[in-house]
Amino acid sequence: MTSAAPSRGPRQWSLQARLITAIVAVVALILVMVAIATSAVLGRVLQDNLNAQVQSAAQQTAGTLLDLKIPRESQQVTASEVLQSGNQPQGTVLVLRGGGEGTATGAYVAGPGDIVTLTDIQVEDVLLGVTTPEYTTVDIDGLGDYRMFPYQSLGYVAYAGMPESGVQETVTPIITSVVLMTTGGLILLAAIVAWIVRRSLAPLRAVSTTATRVANQPLAEGDVSITERVPEDQTDENTEIGRVGHALNTLLDHVDSSLDARQRNEERMRRFVADASHELRTPLASIRGFSELSLRALRTHPDSPQAAETTEQSLERIQAQSVRMTDLVEDLLLLARLDEGQELVYSPIDLTQIAVEAVADARPAGPEHEWVLEVPDESLHVAGDAARLHQVVANLLANARTHTPAGTKVTLSVVRDGDDAVLRVRDDGPGVDPSIADELFERFSRADRSRARKSGGTGLGLSIAKAIVGAHGGHITVRSEPGDTVFEVRIPARPADPTAAPAEPEVEPEGEPDVADGPRQ
C-alpha cells in the first residue's frame with residue numbers, strides 16, 4: 001500500500017508579486033480615500049451654495065409677497081402670483097399656506113416667464129416633507145429632490161426651495177473623472193512598479209539561479225570545482241541585493257577553495273597511507289623473511305655451526321629492520337603530536353649554542369663536505385624546546401649532506417632580524433629539483449622515487465622540521481637555484497628571562513631527534 005503524498009499548503013506568491021500588489025493596493029487605498037474626501041468636501045461646498053441660493057430665493061419671495069399684499073389686504077396671494085411678480089431663477093419652487101382659511105398653493109419656475117402651478121400631490125409632498133425650521137431635502141413628485149426652507153411672512157407660511165439636481169450634475173462628472181483617472185493611474189502605476197521591481201530584483205534572481213545551479217552539483221566526493229558565479233553586473237556593492245550577490249560569489253570562492261583543499265588533502269592522505277604502508281611493509285617483509293630463514297636453518301641442522309651463523313645474521317637483520325620501523329613509527333607519532341600542539345617543552349635556550357653543537361656533530365658524519373659556521377659573538381635566546389630545535393638544525397644539515405656531492409660548502413648562520421631569530425643553512429650544491437619544489441615539506445616526499453633507503457629515505461625529515469618550527473610560532477622557507485640553496489628558519493626571538501617563555505603544557509619528548517632524509521634534488 002503506497003502512502004499518500006504529503007499535501008502542500010497554498011502556493012505562496014513570489015516576492016515580486018507581493019511587492020507589486022502591496023504597492024498598488026496602498027496607492028489605490030490612498031487614492032480612494034482622497035477621492036472620497038474630495039467628493040465629500042466638494043459636496044459640502046455645493047450644498048452650502050445651494051442653501052445660500054435657497055435663502056436668497058426665500059428672501060426674494062418674501063419681498064415680493066410683501067409688495068403684493070400691501071394693496072390688497074383682503075385677498076389671498078397665490079404662489080404663482082408671487083413667482084410671476086418676482087424675478088426668480090429657473091427651478092425655484094414656492095408653496096404658500098395661510099391667509100385665513102385659504103388653501104395651500106404652489107408653483108415653480110420652469111423657465112424664463114414660465115410659471116407652472118404645482119399639483120395638490122406635489123404641494124402635499126412639500127407640506128409633509130418639511131418638518132423642521134431648517135433646510136430640508138424633499139422629494140417632490142415629478143420634479144425630484146428639492147432643498148426647501150420654511151419662513152413666515154404677513155400671516156403666510158411659505159416654503160421656498162431650489163432643485164438639488166445642479167449639485168448632482170456637478171458632483172457626478174467630478175466623481176466619474178476621479179474614478180476614471182484613478183483607475184488609469186493605478187494601471188499605469190502597476191506597469192511602472194512591475195518594471196521597477198522586476199529590474200530591481202534582477203540581481204536577486206541571478207543569485208537564486210546561481211544558487212540553484214550550485215545546489216544541483218554533486219559536491220560530496222571526487223574532483224569538484226564550482227565555476228558558477230553571479231554575473232559581475234549584478235553584484236553592485238552599493239545596493240543591498242548587489243551585496244548579496246557579491247557575498248554569494250565570495251562564499252562560492254571560499255567553498256571552491258575548500259573543495260580544492262579537500263581534494264588535495266584526500267590525495268595527500270591516500271599517498272601518505274600508501275607511502276607509510278610501503279615503508280612499514282618493507283621492514284616487515286625483511287623481518288618475516290629472515291625469521292623464516294633462521295627457523296629453516298634451525299630445523300634442518302639444529303646443531304651445526306652453519307645454522308648458528310645463519311641465525312645470528314638473520315637476527316641482526318631483523319634487529320636492523322625493527323630499528324628502521326621503530327624510527328618511522330616514532331617520526332609519525334612525533335608529527336601527530338606536533339599537529340596536536342604537544343611534544344614541546346619550552347625554556348629559554350641559546351640558538352647560537354645549538355648551531356655550534358649541530359655543526360660539530362655534522363663534521364664527523366660528512367668529512368667530505370666543507371662546513372662553515374657563522375654566528376654572532378653574543379648569545380641569541382629564544383623560547384622553545386632545545387631538543388626539537390636541535391633536531392631541526394640537524395635535519396637541515398643532514399639534508400644538505402645527503403643531497404649534495406662531496407666537496408660542497410655548507411654554511412650555517414644565525415642572526416637576529418628585528419624581533420625574529422633567523423637560522424640559515426646555505427650550500428653551493430646543484431640545488432632543489434623544480435619538479436618537487438612545491439611539495440618539498442610534504443610528508444613522504446622525496447626526490448628519489450625509487451624508495452631506496454640509502455638514497456631516498458622516508459621523506460619525513462623536512463616535514464618534521466616544518467612541524468617543529470611551526471609549533472614554535474615560526475616558519476621555514478627554501479630558496480634554491482643551481483649553486484645557491486638556502487633553507488631559512490625564522491622564529492620569534494624571546495629574552496633570556498624564563499618567565500618570558502609562553503605557557504605550554506610540558507610533555508617529555510620521546511626518543512632522539514631524527515636526521516633529515518627528505519627531498520633535495
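What is the Cα centroid distance between the stretch 165-201 and the stretch 291-307, reported in whole angstrom?
One Cα centre to the other: 112 Å.
How large a share of the accessible area of the stretch 263-421, in percent, is made up of carbon and sulfur atoms when the probe is 1.4 Å and the other protein chains stay in place?
Roughly 52 percent of what the probe reaches on the stretch 263-421 is carbon or sulfur.
Accessible area of the stretch 83-188 with a 1.4 Å probe: how many percent of it is carbon plus sulfur?
Roughly 56 percent, rounded to a whole number.
One quarter of the convex hull surface, Cα atoms only: what value does that give for the stretch 186-290 in nm²?
Computing the convex hull of the Cα atoms and averaging its projections yields 9.0 nm².
Quick check for me: using +1 on Lys/Arg Cβ and -1 on Asp/Glu Cβ, what's the dipole size of the stretch 188-245 about its Cα centre, in debye to the nearest 20?
Rounded to the nearest 20 debye, it is 360 debye.
So if I take the centroid of the Cα atoms in the stretch 79-126 and the same for the stretch 356-418, what is the distance between those two points in Å?
133
Could you run the Karplus curve 6.51 cos²θ - 1.76 cosθ + 1.60 with θ = phi - 60° over the stretch 295-306 and give me ³J(HN,Hα) per residue in whole Hz, x for Gly and Pro?
So the J values, rounded to whole Hz, are 5, 5, 5, 5, 6, 7, 10, x, 10, 7, x, 5.
Using a simple charge model, +1 on the beta-carbon of Lys and Arg, -1 on the beta-carbon of Asp and Glu, nothing else, what dipole does the stretch 317-412 show about its Cα centre, in debye to the nearest 20?
For this selection, approximately 440 debye.
Which order do peptides 119-126, 297-304, 163-170 fall in by mean Cβ count within 10 Å, highest first?
My ranking of the peptides, most packed first, is 119-126, 163-170, 297-304.
Using a Förster radius of 30 Å, what is the FRET efficiency between Q313 and H278 based on their Cβ-Cβ separation? Nearest 0.05, please.
Once rounded, the FRET efficiency stands at 0.75.
The values are calculated or read from the model by the stated rules, or taken from the named source; none is laboratory data. The model shown is predicted, which means the values in this text are computed figures rather than measured ones. Cβ coordinates were reconstructed from backbone atoms using ideal geometry, including for glycine residues, and neighbour counts include every protein chain displayed. Please note that ligands, DNA and RNA were not included when accessible areas were found on the heavy atoms of the full protein model with its side chains. Shrake-Rupley method; radii C 1.70, N 1.55, O 1.52, S 1.80 Å.
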